[in-house]
Every structure is written in structure tokens, then in C-alpha cells.
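Visitor: What follows is a structure written as C-alpha cells; I'll ask about it next.
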Amino acid sequence: MTLPELYVVLLAGGLVLLAGIAAARTASRLGLPSLLLFLGLGMVIGEDALGVRFDDAQLAQTLGTCALAIILVEGGLSTRWTDLRKLLAPSAMLATVGVAVSVLVTAAGAHLLLGLDRQLALLLGAIVSSTDAAAVFAVLRALPLPRRLAGMVEAESGFNDAPTVILVLVFSSAAGVPDVSMIGGQVLYQIAAGAAVGLLAGWGGVAALRYVALPASGLYPLATLGLGVIAFAAAGALNASGFMAAYLAGIVLGNAVLPHRAATRSFAEGAGWLAQIGLFVMLGLLVDPSELPAALLPALVVGLVLLLLARPVSVLAGLLPFRVPWRHQVFVSWAGLRGAVPIVLATFPIVAGVPGSGHLLNIVFVLVVVFTLIQGPALPALARVLGVTQPDQAREVDIESAPLDVLDAELLTLTVPAGSRLHGVEIGELRLPAPAVISLVIRDRATFVPAPETRLREGDELLIVATAASREPAERRLRAVGRRGRLARWHGEPGHPDPRPDTSGGKPTWRSPRRRSPASASSTSAAPGTGTASPSSSTTTAGAS
């Protein structure tokens, strides 16, 4: 690829990304799942409209699998363990027993009503039996649902990718339909091994990120997302479920007390959106719109069987051992949204060369679009009719970084070194420019909110909130007091970062003390307990005299 061609590709990619972001905003206002507009954008760009040709099922499978891994890591990072731990058993039953029942019922309907042979019917049942994590997370987290109910559906969508991928791969094999014992053994091994890899990667990552100080706060989100991808790849290399590993690694990392958690989740959310936009646009490119009308009737038949029979029966079978109210079961049944996962899975039999698999892709695509239009917008109304909403439920807020961003403020840290004239100075005597304020003092590994009469000591670490306008004057004042003490202004100490003798304005000439550690405005990151501030933190060290 030449340099001019690269520019064209990057320009087109940037325009598609911006169009996808605009589509997400439009879908939110219309109350539609954004995946529909992303798919439509891909179809518009495709060969039947703007003429971009893309029909490489192998590449689509590879890129789609990578995108799903990122989406699952992001979903795990935003899943609260306190909500999930009580739902592991019912979610696991929905993701295993429920999937098996859904596959059998849907395959039977496709075989009897559409006349598909046994292998294609089982493939179709396995492909559409998995709920989509991206669609579920996007829709349910906008509704005021009880955490137990929403968490059950979210956990199911995170866990059920593993068994469905295994089933699709098994049914796509040349052997056709293997015996049940072989399928069960593969499912158990891949889920157990994938879970073990994900937990080990998560725990190892937590141990490393807690005690290794990275040189920049922006590296923590990258490291966290990278650990999830490593878990996915390591599990895949062991022939285990990478999706299970990625989701569990994300859960472990997202619920650990790590530096810059808010920034990490924001970065992962952005990466998840990027993966969704790229994935759905690519899948929209993959299908041929001129072939979709022939798939409309089969898609409606299979979709109705899935929505009205297979999904309710699978939910009933999966939740039978648990005391789940019937209203919740009805909502869980309707909330089993399909999205990117079934379309990506539909590329597996195409790559494997299964006869008739191209038609399956069209059926799955139409099914996802039509029934997402039916189920997604109806979910809020159904939740109200069933009485499962909690209108007064408090929404989660980001309290770590949003206020500073809104105020255009920064969180600075200052360490009082040995011999500094800040030692013994009261907080009130610092006379920091408004609205800069010392919000917290860390002393002997204990933290407290200082009063105006609190005296500073050597080794204290201070957390200072300052606006962009007051940051520089506050740093100068801290340097000045660190060099000349509380009477620094009387001594003519301006607190510049690089002090030189002042010969202007008739002010007293001064020289900076020999022993000093000038304040710096460099960004730092460190492990908890070292005084490191928020994701956009800066560190100032007061000079000693």
C-alpha cells in the first residue's frame, strides 16, 4: 500500500467511525439498539450501494472474534462482583442447560418447518441460541431494573458465548453431528480451562498493578485491557474458551482496588464502543442486501420459534431449581437479545465449507435485525407492565474524575522532604490562591482531612485540588514557602521553578538555598499509599532549605 492509499484508507476509516458515533447518538434518541444503525451503515457502504466490496468470511471471523473479546473484557470490567456472586448459579444454568434446550428446540423447529437437514438445523439453532453481550449491556444498563434481574441477564450473556462457540465448531465439522458425550466433554473442558486461565490472568494482573508503579497514568488502562486480551489468547492457545477467560479476567480486574479505576473503565468503554462500531459495520459489509429478501420468511419462522417457544422453555429449564418470580422469568426470556455474536458465529460454517452455510448467514442477519427491532424498543414497556422496574433506583455516578473534568481542575500531590521549611507551617499560613485547597494529608500511612491549624511535618504527602487558573500560583506559593518558610513573601521569594537572583524592581537580591528540590509539574503514577492522585494527577515536591 502506497502512502497516498494509506491516507485514503485512514480518511475513510475516520469518517466511518464518526458516522458510527453519530449513529449511536441517533439510536439512543430513537430508543433503538445502536447495532441496527451500525449494520445499516455497513450495508450502505457495501457493494450494492457505495460499492465497497467485502466478502472475506475468514477475515470477518478473525476480526469479529477479536472485537468480541474486547467487548467481553469491557463487560467484565463494568460488572460488579457484589451483584454477580449471588447470580452465578442461575446465570451458569441459563448459559449451559438453557443454551442446550434452546438449540434443540430451535433446531427442531427449523427442521420441521423449513425442511433444513439435521446438520444445518443444529447449526442454526446453535448460532442463534446465544444472547449478545454488547446488545444486552447497552439496553439493560439504561433501564432502572433491580440489580439482581439485570445482573442475571448480563452474566448469562457473558457466559453463554463459550458453549455456543463450541457447539457451532462441533456442528461445523466434517463429521456432521457427533455423539452427546463428546460434545459434553468438550464443553466442560473448554469452560473449566477458560475460567481457570481468566481467573489466573486477573489475579496476576491485580497483584502486578497494585505494586508496580507505571510511569504514566495512561498506561494503567492499556495494561488492564491488555491483560484481558492476554487471558483470551492464552485460553485459545490451550484450546479452551477465550471468551470465558476474557470475561472473567475483566470481572477480577474491574472489581479490584487498582490505581486509576475510573480512567480504566472509561478507556475500556471507549475501546468497547470502537469494537462494536467496527464489528457491526464490517458485518453489514459482509452480507449482500440483494440476497436478504429470500431469507426474510425463514428468518421470521425461526425467530418466532426462538422468541415464543425456545427461549421461554430454555429460561424455564435453566431457572427451574431457583425461586425466580414468573415476572422475572418472562422479562429474562424477552431480554435475550441477539446481536453481533450470532452473525460472527454464522461465518464459522462458511469458513469450514459446510454446504448451504451462506444462506444461514442471510437468515441469521435478517433474524437479528428484525427481532432486535421487535424486542429492544419493547423492553422498557414490558418491564413496566411486569412491574419489575425501580423508578427510584439511584443511578451509578463516576465520582473519581468527572467533577475535576467538569471544573477544569487538577489533583496535585506534594511531598514534604526532610529539611524543608514547610515543616511546622500551618495549613492556613500557606495562603494558597483561591480556589486551590489541600483536601487530604497522608501521614505515616494514615489519611485525614486537615484543618487550617494543622501543622505540616516532614514526610507528609498532600493532595491539593486546584483549577487550571490557580495551579501555577499555588505551585509558586508552595515552592516559596518550602524555600524561605512562612515569611517567604517578605523575603521576596517568588517561587519560580528555576530560581535566579532577582535584580528587577529594586527588590532584595536572593539566591535559592543549596539544598532544594524544586517543584515539578510532571505527571506521576504510583501504587496506593504513595500519594498518587487521580488519572490526571501532577506531583509537586516542595524544596528544602
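Visitor: Taking the Cα-to-Cβ direction at Val330 and at Leu114 and moving 7 Å from each Cα, how far apart do the two end points lie in nm?
Guide: Placing both labels 7 Å along Cα→Cβ, they lie 2.9 nm apart.
Visitor: FRET efficiency for Ala418 and Thr2, Cβ-Cβ distance as r, R0 = 45 Å, nearest 0.05?
Guide: Using R0 = 45 Å, I get an efficiency of 0.15.
Visitor: Once you place label points 7 Å from the Cα toward the Cβ at Leu320 and Asp56, how far apart are they in nm?
Guide: 4.7
Visitor: So if each residue of separation counts as 0.36 nm, and I subtract the Cα-Cα distance between Ile21 and Glu453, what length gain in nm does that give?
Guide: Full extension of this stretch gives 150.4 nm more.
Visitor: Further question on the same structure: Averaged over every viewing direction, what's the projected area of the C-alpha convex hull for the stretch 76-157? Give it in nm², one decimal, please.
Guide: Projected over every direction and averaged, the Cα hull of the stretch 76-157 covers 6.0 nm².
Visitor: OK, next. At a 10 angstrom cut-off on C-beta neighbours, averaged per residue, how do the peptides 95-103, 415-423 rank from highest to lowest? Please report the intermediate quantities before stating the final value.
Guide: Values: 95-103: 24.3, 415-423: 20.2.
By packing density, highest mean first, the sequence is 95-103, 415-423.
Visitor: Mind checking which of Leu143, Ile21, Ala107 is farthest towards the positive end of the stretch 3-386's charge dipole, using Cβ charges of +1 (Lys, Arg) and -1 (Asp, Glu) about the Cα centre?
Guide: Positive-end residue among those listed: Leu143.
Visitor: Hey, another quick one. Any idea what diffusion coefficient the stretch 3-386 gets from Stokes-Einstein, in µm²/s, Kirkwood Rh on alpha carbon pairs, 25 °C, 0.890 mPa s? The partial results should precede the final answer.
Guide: Numbers: Rh = 21.0 Å.
Estimated via Stokes-Einstein, D reaches 117 µm²/s.
Visitor: Would you mind calculating the relative contact order of the stretch 204-252 from Cα pairs under 8 angstrom and at least 6 residues apart, reporting the percent as a whole number?
Guide: Taking the mean separation of contacting Cα pairs over the length of the stretch 204-252, I get 30 percent.
Visitor: Per-residue counts of other Cβ atoms within 10 Å, averaged by peptide: what ranking do you get for 276-289, 294-307, highest first?
Guide: Ranked by mean Cβ neighbours within 10 Å, highest first: 276-289, 294-307.
Visitor: How about the stretch 260-361: which trypsin sites (Lys or Arg not before Pro) there lie in a loop by DSSP and see at most 16 other Cβ atoms within 10 Å?
Guide: Of the trypsin sites (Lys or Arg not before Pro), the ones in loops of the stretch 260-361 whose Cβ has at most 16 other Cβ atoms within 10 Å are Arg323.
Visitor: Starting with the highest mean, order 365-374, 149-158, 465-474, 450-459 by the number of other Cβ atoms within 10 Å, averaged over the residues of each peptide.
Guide: 149-158, 365-374, 465-474, 450-459
Visitor: Once the piece of chain linking Ala446 and Ile374 is laid out straight, how much longer is it, given 0.36 nm per residue of separation minus the C-alpha distance between them?
Guide: 20.4 nm
Visitor: Something else: Could you give the dipole magnitude of the stretch 3-386 about its Cα centre, charging the beta-carbon of Lys and Arg +1 and that of Asp and Glu -1, in debye to the nearest 20?
Guide: Its charge dipole is roughly 1540 debye.
Visitor: Assuming 0.36 nm per residue, please report the length gained on full extension of the stretch Lys86 to Val9 beyond their Cα-Cα distance.
Guide: The span from Lys86 to Val9 would gain 23.0 nm if fully extended.
Visitor: Work out the length of the dipole vector of the stretch 68-167 about its Cα centre, built from +1 on the beta-carbon of each Lys and Arg and -1 on the beta-carbon of each Asp and Glu, and round it to the nearest 20 debye.
Guide: 360
Visitor: From a point 7 Å beyond the Cα of Leu300 in the direction of its Cβ, which residues of the stretch 337-373 have a backbone N at a distance under 17 Å?
Guide: 363-373
Each value in this text was obtained by applying a stated rule to the coordinates, not by laboratory testing. Here the structure is a predicted model, which means the values were calculated and not measured. Every residue, glycine as well, gets a Cβ built from its backbone with ideal geometry; the counts of neighbours run over all protein chains shown.
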